[in-house]
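Report on one structure; see the data block that follows.
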Amino acid sequence: MIGFLPFSGEESDTTLLDEVVVTGVREQIVEKSAAGQVSKVFLERIENEGRNAVKDLSGIVPNLYIPDYGSKMTSSIYMRGLGARIDNPVMGIYIDGVGIANKNAFDFELDEVGKVEVFRGPQGTLYGKNTIGGLISVESMNPWVYEGTRVMVEYGNANSLKARVAYYKKWQNFGLSASVRGKHSDGFFVNEYNGEKCDFIDEIAARLRLDYRTNKTKLTNTINYGYVKQGGFPYHLPEQGVNHNDECGYYRHSLIEGLSYQVNLGEYNFSGSTSYQLLNDQMDMDQDFLPLSYFNMSQHQLEHFVGQELMFRPNEAMGIWSWATGASLSYKNNNMTAPVHFQKDGIDELILKNANAGIQTTFPEAEIRFREDNFVIASDFVLQNADIALFHTSFIDIDNWQLELGLRFDYEHLRIDYNSEAMIHYLFTETMSEYKPLVSKINGIERLDYFEVLPKVSVSYRGDGWSAYATLSEGYKAGGFNTQLFSDILKNKMMTDLMSDLGVYFEDAVEYEVKDVITYKPERCLNAEIGTKLGKNINDWRLDGGVSLFLLEIFNQQLTVFPEKGTGRYMTNAGESRSIGCEASLSARWEGLDINASYGLTDARFVRYNDGRNDYAGKRVPFVPYSTLNAGVGYRINLKHSFFNYLYLNVNTNAYGDIYWNEDNTERQPFYALLNANISLETKYFDFELWGKNLVGTEYDVFYFVSCGNGFLQSGKPRSFGTKISFNL
């Protein structure tokens, strides 16, 4: 085991961390500020508690909730009453100083990660859009921390196998880090339709990191590649099992090439990062989730992203004043296809049933028929996004007091080129003897431009091992386009075109103005927060923690909704909501004993939201847990043996709830807790571990939604257990 610790602890036979190197310069600026809460999770805890993926940070960071449902494409993050199921995230994720450009790539394994820092509260002044709830910064291992080879093999129930090899080497100013990992699992959920597991996964990931360091220059180039192929979306009706007849799954190729650099120019420091990212993924989904032939969708994306971030700052404070100024540029191009395949039951129930019900009010004996028992609504998009920003942060330090002032100007341009079309052959029995072709299409271009100003002001006081602060900051989550609504728009246009072709018009016909329904506005947040932080050695104990109170006013909150009788889903703006809450965390370390506890409470309610049918003012915002709780204790016993070195025991629990699933608060997941434990034996040559998750078999749900009038759930994962062996060579 590598002791990647926030401070030097007990003596160990293995390599301890000599320095914690923060790759991202902006993370250093955030660290300089005493205002705002930061949760740090080091390698030791990641491995001891089996925190294998970003989603496993849920709970150990107060108010952070990343539910595990759907597929790895589903990377919804909820923090302090903020969050949405699709499109833009509320938190940014950076790996070695380079931000991940697409939310679809957020769900990755925490392999060979030395440290994770979670900055809570809006980080828009330094990081811009989509950090309205905070930032997750991941730092990979490097040879300045550890040299050698690390090998790990793990096996668990559901025939789950994981293997990893990593190599670290340092030559004077150069460092090499390389790792490769493979993973397979048969899955936990059975599709009753075919008797097969529907949530299998196969995954490969590789990382190559090259470092160059001198007294004046630091360069880090990191290449991350990931491949995943999995079944997914094991949604089911309440009190029933998963039962759908069409394929559900997800595959993804992702590549992140990032170069970060720092150059000492004497009195000043110049730093930045340059990145290129590729995402090639496809989602296949049985959208009715039933053993009936309604409709399914296949969405494929090929996205290219380039980004440039720069920062300039003095190496030494200019008297009481220090500052940082920077700029960022980015461009994203996404070619997307999202065909929806209508099948016989969907045609009969969603199209012909409605059309014939209307037309038979005039022609009781007549009906419309389609020659096809299936057809495709083809939708093709080119989505482009360009962003430019300037930002500045100043710190004024007077004795123990610090005043922080920040401001960011952010301009964003979005464009969508869309083309959606379908063709069917229809027959009206009253007047026609042969089928007639009907072609419906919509195409065009829409543009959005946003200019955002993001200020931040905070004041803090630093004492001996503690600090107190008050801060006021703004953040925003980008607006965008509802691509998944096009199938519903065209379906309705087909019905309108068909009726128009027959010379029939209905008073209650659904009419869509494309420009009015495919766009949604940015979500804005004003965060007011007070708190205190602790980091102190008391006798032989090391104590770290913090307490905070926050109030968030959220404007144009983005919510994912389904049309009442539609086939897609779309983002809408809900008016205004308010989140009030608190966070508390404490970690205590004494010799071989580790105690960790964290609690978050969020009361998030709509202040103003009327969807035209219902007024939801005063209702809880869905999918946001009212509370999150984590508590754990670990103890490391020195065996004082020539072969057996240490025995480590850990027990921890994560708990969440209540979680309301819908805007009218009629469906919810009550508070639930998951008990986890592991025991590991460290020997002279290898480490051996037994682990278990959800040991008491708690039954709970992680997702609920309504589609085509049916409510669906995804159950949480059942009890799991396994064993792991690792070598440090």
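Given the criterion touching a residue at least 24 places away in the same chain (Cβ under 8 Å), in contact with a Gly (Cβ under 6 Å, 6 or more places away or on another chain) and surrounded by 14 or more Cβ atoms within 10 Å (Cβ to Cβ), identify the matching residue among K441, K436, K456. Explain how you work it out, then say what you get.
Values: K441 fails: in contact with a Gly (Cβ under 6 Å, 6 or more places away or on another chain); K436 fails: in contact with a Gly (Cβ under 6 Å, 6 or more places away or on another chain).
Testing whether each residue is touching a residue at least 24 places away in the same chain (Cβ under 8 Å), in contact with a Gly (Cβ under 6 Å, 6 or more places away or on another chain) and surrounded by 14 or more Cβ atoms within 10 Å (Cβ to Cβ) leaves just K456.
Being out of contact with any helix residue (DSSP H, G or I) (no Cβ under 8 Å at 6 or more places or on another chain) and within 18 Å of P89 (Cα to Cα) is the filter here; which residues of region 453-484 pass it? Give the steps one after another, and end with the answer.
So in region 453-484, the residues out of contact with any helix residue (DSSP H, G or I) (no Cβ under 8 Å at 6 or more places or on another chain) come out as 453, 457-472, 477-481, 483-484.
Listed by number, the residues that qualify are K477, A478, G479, G480, F481, T483, Q484.
How do the pairs read when you match residues in region 703-729 that are free of Cβ contacts under 8 Å to residues at least 60 places away in the same chain with residues anywhere that are in a strand (DSSP E or B) and surrounded by fewer than 18 Cβ atoms within 10 Å (Cβ to Cβ), using Cβ under 7 Å and keeping only pairs 6 or more apart or on different chains?
Once the first residue is free of Cβ contacts under 8 Å to residues at least 60 places away in the same chain and sits in region 703-729, its partners that are in a strand (DSSP E or B) and surrounded by fewer than 18 Cβ atoms within 10 Å (Cβ to Cβ) give Y704/G711.
So in region 675-692, with the set limited to residues that are of a type in the set (S, T, Y) and open to solvent by less than 50 Å² (accessible area, probe 1.4 Å), which one is nearest to L649 (Cα to Cα)?
Step one: filter region 675-692 for residues of a type in the set (S, T, Y), giving 680, 683, 685.
Subset that is open to solvent by less than 50 Å² (accessible area, probe 1.4 Å): 680, 683.
Values: S680: 7, T683: 15 Å.
Result: S680.
Which of the residues belonging to region 593-631 are among the small types (G, A, S) and crowded, with 16+ Cβ neighbours inside 10 Å?
A597, S598, G600, A604, S627, A631
Regarding region 431-441, can at least one residue be identified that is among the small types (G, A, S), farther than 19 Å from L498 by Cα and in a strand (DSSP E or B)?
Taking region 431-441 first, the residues among the small types (G, A, S) are 433, 440.
Okay, now just the ones that are also farther than 19 Å from L498 by Cα, so none.
No: zero hits.
So how many residues does region 123-132 have that are open to solvent by 10 Å² or more (accessible area, probe 1.4 Å) and closer than 16 Å to G83 by Cα?
3
Testing K115 on (1) part of a strand (DSSP E or B); (2) in contact with a Gly (Cβ under 9 Å, 6 or more places away or on another chain); (3) in contact (Cβ under 8 Å) with a residue 60 or more places away in the chain; (4) not hydrophobic (A, V, I, L, M, F, W, C), one condition comes back false. Which one is that?
Among (1) part of a strand (DSSP E or B); (2) in contact with a Gly (Cβ under 9 Å, 6 or more places away or on another chain); (3) in contact (Cβ under 8 Å) with a residue 60 or more places away in the chain; (4) not hydrophobic (A, V, I, L, M, F, W, C), K115 violates only (2).
Between a residue in region 546-559 that is farther than 30 Å from K40 by Cβ and any residue that is part of a loop (DSSP other than H, G, I, E, B), which pairs come within a Cβ distance under 7 Å, given they are 6 or more apart or on different chains?
Qualifying pairs under 7 Å: N556/K521; N556/P522; L559/A84; L559/A574.
Go over the candidates M311, M285, M297 one by one and state the one that is under 26 Å from the mean Cα position of the chain (by Cα), crowded, with 21+ Cβ neighbours inside 10 Å and of a type in the set (A, V, I, L, M). Even if it seems obvious, please write down each step before you answer.
Numbers: M311 fails: under 26 Å from the mean Cα position of the chain (by Cα); M297 fails: crowded, with 21+ Cβ neighbours inside 10 Å.
Result: M285 is the single residue among M311, M285, M297 that is under 26 Å from the mean Cα position of the chain (by Cα), crowded, with 21+ Cβ neighbours inside 10 Å and of a type in the set (A, V, I, L, M).
Exactly one of (1) open to solvent by less than 30 Å² (accessible area, probe 1.4 Å); (2) within 25 Å of V190 (Cβ to Cβ); (3) at pLDDT 95 or above is unmet by N652. Its number?
Looking at each condition in turn, N652 falls short on (2).
Hey, could you check region 169-203 for residues that are hydrophobic (A, V, I, L, M, F, W, C) and in a strand (DSSP E or B) and say which is least open to solvent (accessible area, probe 1.4 Å)? Lay out the reasoning, then the answer.
Our first condition is that a residue be hydrophobic (A, V, I, L, M, F, W, C); within region 169-203, this holds for 171, 174, 176, 178, 180, 188-190, 198, 200-201.
Still in the running and in a strand (DSSP E or B): 171, 174, 176, 178, 180, 190, 201.
Numbers: W171: 123, F174: 113, L176: 40, A178: 36, V180: 76, V190: 68, I201: 17 Å².
Looking at the filtered set, the residue picked out is I201.
Scan region 718-729 residue by residue and report those that are closer than 20 Å to Y672 by Cα and surrounded by 18 or more Cβ atoms within 10 Å (Cβ to Cβ). Reasoning before the result, please.
Pass one, region 718-729, residues closer than 20 Å to Y672 by Cα: 718-721.
Listed by number, the list holds a single entry, S720.
Condition test on T496, is it closer than 18 Å to F342 by Cα and free of Cβ contacts under 8 Å to residues at least 40 places away in the same chain?
Numbers: closer than 18 Å to F342 by Cα: yes; free of Cβ contacts under 8 Å to residues at least 40 places away in the same chain: yes.
So T496 fits the description; yes.
Can you name the residue in region 693-717 that is in a loop (DSSP other than H, G, I, E, B) and open to solvent by 60 Å² or more (accessible area, probe 1.4 Å) and, of all such residues, is modelled with the lowest pLDDT?
Taking region 693-717 and keeping what is in a loop (DSSP other than H, G, I, E, B), we get 694-700, 708-709, 716-717.
With open to solvent by 60 Å² or more (accessible area, probe 1.4 Å) added as a condition, the list becomes 695-696, 699, 709, 717.
Working: L695: 96, V696: 95, E699: 95, G709: 79, K717: 94.
My answer is G709.
The values are calculated or read from the model by the stated rules, or taken from the named source; none is laboratory data. All of these numbers come straight from a predicted model, not from anything done at the bench. Because the Cβ atoms are built from the backbone with ideal geometry, glycine has one as well, and the counts that use them run over all protein chains shown. Just so you know, the surface numbers come from the protein's heavy atoms only, side chains and all, with ligands and any DNA or RNA stripped out. Shrake-Rupley method; radii C 1.70, N 1.55, O 1.52, S 1.80 Å.
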